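Below: the structure, in structure tokens.
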Amino acid sequence: MAAAKIARDAQMNKTIYLDNGSTTKVAPEVTKSMIPYFEEEYGNASTIHAKGVNAKQALENSRKIIAKSINALPEEIIFTSGGTESNNFALKGTAFENKEKRHIITTKIEHSSVLNTCKWLESQGFEVTYLSVDKDGFIDLNELKKSIKEKTILFSVIHANNEIGTIQNLEEIGKICKQKKIYFHIDACQSYTKVPIDVKKQNLDLVSLNAHKIHGPKGVGALYIKKATKISSWQHGGSHESHLRAGTENVSAIVGFAKAVQITNSSHIKKMTELRDKLISEVLKIPGTRLNGPQGDKRLCSNTDFSFNAIEGEAIVGFLDEAGIAASTGSACAEKNLDPSHVLKAIGLSHEQANGSLRLTLSRFTTEQEICYAIQTLPEIVKKLRQFSPFGRELKNVL
Amino acid sequence: MYSKETIERFRNPKNTGEIPNADAVGEVGNMKCGDVMKIYLKVEKNKIKDIKFQTYGCMAAIASSDMLCELAKGKTLDEALNIKFSDITKGLGELPQIKIHCSVLGTHALKKAIENYKSNN
Ligand SMILES: Cc1ncc(COP(=O)(O)O)c(C=O)c1O
Ligand SMILES: [Zn+2]
């Protein structure tokens, strides 16, 4: 049987990679597209000789591709070193350029690159409101409306959440931001190419993107900045990227980023959605299990996240690793600060439930056989860990 | 992140489970990360004849519980009380600094079990 073959492959050290929310494999087409810009066209895009001109052309062509993918203009795309930098730039850049206003709104389920930037802005005298979310991770539009003040600069939200896959309603939020005349920033690192982004339809002013979640290289990303947005540059130096982001452009990585965008298509989304739903329905058959985040089309096609009663997530990840499956967890024991995931706490999970979490994230390279193998393997691991657990017996009585 | 010894022990712990008619039980929880450990003892002539653990926790917590049981088995109660946290980490081939809090649980649970035994006998 196919699953048995996968089991053999796993034993032969072939990893079943279900941690695509952390990062993804670079697609072969992407690697191939980058090589000429290391070996032949290695010129600095700011120079005026032939090699420089060729590099510049590749840079601007890539910018067009990225711009088109979100219905923006090429001059509205600034290349950065990734999602973290784009988020820092969007928030700090608008905050300081509009510092007479001093108020920012975000949510409790942001990526650390937004949350910690907001915390730092608080230390610089800005006021930040962190919106709550409901049990599936959605913000309340009325709460957003109510929290907007005269002096609010922007609202920043994670489009599709990296832990629980919740997709926020951009169109509705965009209307509110436009009406109240505040900037609207989204962190689209997880959603890019998987959920439609249209900066005009959704009234977006700033969009953070990166390449390594979509089979592109690490260390490259982009920030969409709508024309006429008041933003100060954050990294000073030369006149690169319309004077907004200094530093010699990483042309090979940017070419790879654009290639990664070009080779995505809707059949990938369909396939991931089917496998995701199969995985969810099978894993939920394990007693004492819950799904974190919403079901259906408001969930990112590549994301699943579960909590298992009476066992701890890092231990689950450890046993899965032994079985050849790469996964991740929001458990306190896996975090450096010994606090379980702030996202799982924000949707109302107890410390124990958050500690017992497991995230399995798919990509377009994930196969049905791999999902079958995961479905076969996981219940045994959960059972084994529950046998170790002092809570296992209590659980038996409950079930 | 973990040593070979820790991973091996985590994968194949030899001392998990309950002792149904245990002479003493000790349970402690970790306020920091939420790990919980329970130690079961069977005592004969003041010696630990059998010892088992149940642990809710990460790889480090499970591996160090198992290491502790191995170290304690066959020792007198007083000898077992002298098992130090560093004996466990030595047996595990060092633990990451961040994981130390998970492994101190073991010695606390054992101490509690022995105290429970002494106060009942
Ligand atoms: C939602 C989200 N935002 C930001 C980032 C950071 O991006 P990068 O790793 O490119 O700095 C990530 C991924 O790590 C992410 O998932
Ligand atoms: Zn721990």
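The values are calculated or read from the model by the stated rules, or taken from the named source; none is laboratory data. Owing to the predicted nature of the structure, the values given are computational and were not obtained by experimental measurement. Cβ: placed from backbone, ideal geometry, glycine included. Neighbour counts: every protein chain shown. Quick note on the areas: whole protein, heavy atoms, side chains included, nothing else; ligands and nucleic acids left out. Shrake-Rupley method; radii C 1.70, N 1.55, O 1.52, S 1.80 Å.
See the values below:
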{"read-out": "Sparse-neighbour loop sites [GluC sites (Glu not before Pro); region A:8-107; at most 15 other C-beta within 10 Å; DSSP]", "value": "A:E40, A:E100"}
{"read-out": "Portion, in percent, of the accessible area of region B:4-120 that falls on carbon or sulfur, probe 1.4 Å", "value": "49"}
{"read-out": "Added length on full extension, which subtracts the Cα-Cα distance from 0.36 nm per residue, A:E172 to A:E122", "value": "15.2 nm"}
{"read-out": "Only Lys, Arg (+1) and Asp, Glu (-1) charged, at Cβ; region A:28-262 dipole about Cα centre in debye", "value": "540"}
{"read-out": "Heavy-atom SASA rank of A:T129, A:T94 (probe 1.4 Å, accessible area, largest first)", "value": "A:T129, A:T94"}
{"read-out": "Region A:256-328-region A:182-220 distance, computed between alpha-carbon centres (Å)", "value": "21"}
{"read-out": "Given chain B, longest segment not containing exposed loop GluC sites (Glu not before Pro) (DSSP; at most 16 other Cβ within 10 Å)", "value": "B:19-93"}
{"read-out": "Residue-averaged [θ]222 nm for the protein assembly as shown, counting only DSSP H segments that reach four residues, each worth -39500 (n - 2.57)", "value": "-12500 deg cm²/dmol"}
{"read-out": "Protein-protein interface of region B:50-64, residues with accessible area decrease of at least 20 Å², isolated chain reference, 1.4 Å probe", "value": "B:Q54, B:T55, B:Y56, B:G57, B:C58, B:M59, B:I62"}
{"read-out": "Accessible area (Å², 1.4 Å probe, nearest 10) - A:R359", "value": "20"}
{"read-out": "Size of the B/A contact, given as accessible area buried on both chains, probe 1.4 Å, in Å²", "value": "2000"}
{"read-out": "Theoretical FRET efficiency, 1/(1+(r/R0)^6), r = Cβ-Cβ of A:A228 and A:T248, R0 25 Å, to 0.05", "value": "0.35"}
{"read-out": "Carbon + sulfur, % of accessible area of region A:70-207 - ligands and nucleic acids excluded, 1.4 Å", "value": "49"}
{"read-out": "Karplus-derived 3J(HN,Hα), 6.51/-1.76/1.60, for each residue of region A:357-362, Hz, glycine and proline x", "value": "8, 9, 10, 10, 10, 9"}
{"read-out": "When the convex hull of its Cα atoms is projected in every direction, mean area for region A:240-385 (nm²)", "value": "11.6"}
{"read-out": "Cα-based helix-to-principal-axis angle, B:59-72 vs chain B, degrees rounded to 10", "value": "40"}
{"read-out": "Quarter of the Cα convex hull surface for region B:4-120, i.e. its orientation-mean projected area (nm²)", "value": "6.5"}
{"read-out": "Between region B:7-37 and region A:43-59, the alpha-carbon center distance in angstrom", "value": "63"}
{"read-out": "Average accessible area per residue (Å²) across region A:28-262 - probe 1.4 Å, nucleic acids and ligands excluded", "value": "42"}
{"read-out": "Calculated on alpha-carbon atoms, Rg and Dmax of region A:28-262 in Å", "value": "17.7, 57"}
{"read-out": "Accessible area (Å², 1.4 Å probe, nearest 10) - B:K90", "value": "140"}
{"read-out": "Crossing angle, helix B:100-120 versus chain B [Cα axis fit, 0-90 degrees, rounded to tens]", "value": "0"}
{"read-out": "Size of charge dipole - region B:4-120 - debye, nearest 20, with Cβ of Lys, Arg +1 and Asp, Glu -1, no other charges", "value": "60"}
{"read-out": "P(r) weight above 16 Å for region A:303-399, C-alpha pairs, percent", "value": "57"}
{"read-out": "Stokes-Einstein diffusion coefficient of chain A, Kirkwood radius over Cα pairs, 37 °C, 0.692 mPa s, in µm²/s", "value": "148"}
{"read-out": "Cysteines without a disulfide-compatible neighbour (Cβ-Cβ under 4.7 Å), chain A", "value": "A:C118, A:C177, A:C189, A:C301, A:C372"}
{"read-out": "From the C-alpha gyration tensor of region A:19-83, square roots of 5λ in Å", "value": "23, 18, 10"}
{"read-out": "Listed residues A:Y373, A:Y17 arranged by accessible area, highest first, probe 1.4 Å", "value": "A:Y17, A:Y373"}
{"read-out": "Label point 7 Å beyond Cα of B:K47 along Cβ direction - residues of region B:70-92 with amide nitrogen under 11 Å", "value": "B:74-77"}
